[in-house]
Amino acid sequence: MQPAHALVNEKGAYCLQKASEVYAVYLPNEDPNTTLNLTEANGVFEILWFNPLKGGKLKEGSIKTVLGGGIRKLGTPPKRESDLSNPDWVVLVRLKK
């Protein structure tokens, strides 16, 4: 995986990519307008959320899948897991098989 921070529109976010296959995005804040640039990718990508402070399994957020070929919103994390005092999240965006 390679750094690709410019693919995310969120200030302070980090992104690692294996182009057109998988993207791991660290988000310092829960912003429903955060986007990931998938213009160079094709296919359907699933979006899964991970709470780096609580750990546990990957979970679905408000948006479950997106299509490559454009700039796509990542949505918001699982509602019951949100914690405004600690809004950090990691989002896994991977090609659906």
Exercise. Tell me which residues, restricted to the stretch 1-19, are open to solvent by less than 60 Å² (accessible area, probe 1.4 Å) and modelled with pLDDT under 95.
Key: E10, G12
Quiz prompt | Residue count for the stretch 1-29, restricted to those that are under 17 Å from W49 (Cβ atoms), in contact (Cβ under 8 Å) with a residue 40 or more places away in the chain and not β-branched (V, I, T) | solution = 6
Practice problem: Quick one: count up the residues across the stretch 30-72 that are within 20 Å of P3 (Cα to Cα), among the polar types (S, T, N, Q) and either surrounded by 14 or more Cβ atoms within 10 Å (Cβ to Cβ) or free of Cβ contacts under 8 Å to residues at least 12 places away in the same chain (or both). | Solution: 3
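The values are calculated or read from the model by the stated rules, or taken from the named source; none is laboratory data. From a predicted model like this one, the values you see are computed outputs, not experimental measurements. Reconstructed Cβ throughout: ideal geometry from the backbone, glycine too, with neighbour counts over all protein chains shown. In case anyone asks, the SASA skips ligands and DNA or RNA and just uses the protein heavy atoms, side chains included. Shrake-Rupley method; radii C 1.70, N 1.55, O 1.52, S 1.80 Å.
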